[in-house]
Amino acid sequence: MHLAYPAVLAALLFCTGLYGVLARRNAILVLMSVELMLNAVNLNLVAFDVWIRDTLHAGQALTLFVIAIAAAEIGIGLAIVLMVYRNRGSSDVDRLRDTAERAEPDAPAAEKAEVIA
């Protein structure tokens, strides 16, 4: 089998995932797109491992580590998205900027000096 077939498929998967990360608003779809990108990397690792005919199968071993890291990432990411959804009622990525703490509205300078001191 030629190396070009899995490499082209991995490039298409990666580009699809990249489009999903850049264009989607829903946080769960963004996480799914990141997983798609990681699967494209895994496909490349296994394809190059088979092409090089490595006796240690380092590409396949590294793929297992990437899968483990991806599982941990999706678990933590999904927990964060669910907590944001419970608090905000939406998982829209653009509205997540509103979660940052803001400074108090303009207070008189004397009150600010008392707070600092």
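The values are calculated or read from the model by the stated rules, or taken from the named source; none is laboratory data. If you're wondering where the values come from, they're calculated on a predicted model, not measured in any experiment. Neighbour counts run over all protein chains shown; Cβ positions are idealised from the backbone, glycine included. These area figures cover heavy atoms from the full protein model, side chains too; ligands, DNA and RNA do not enter into them. Shrake-Rupley method; radii C 1.70, N 1.55, O 1.52, S 1.80 Å.
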| message | Could you report region 1-88's accessible area per residue, 1.4 Å probe, as an integer in Å²? | response | 71 Å²
| field | Efficiency of FRET from Cβ geometry, A61 and L29, R₀ 30 Å, rounded to 0.05 | value | 0.45
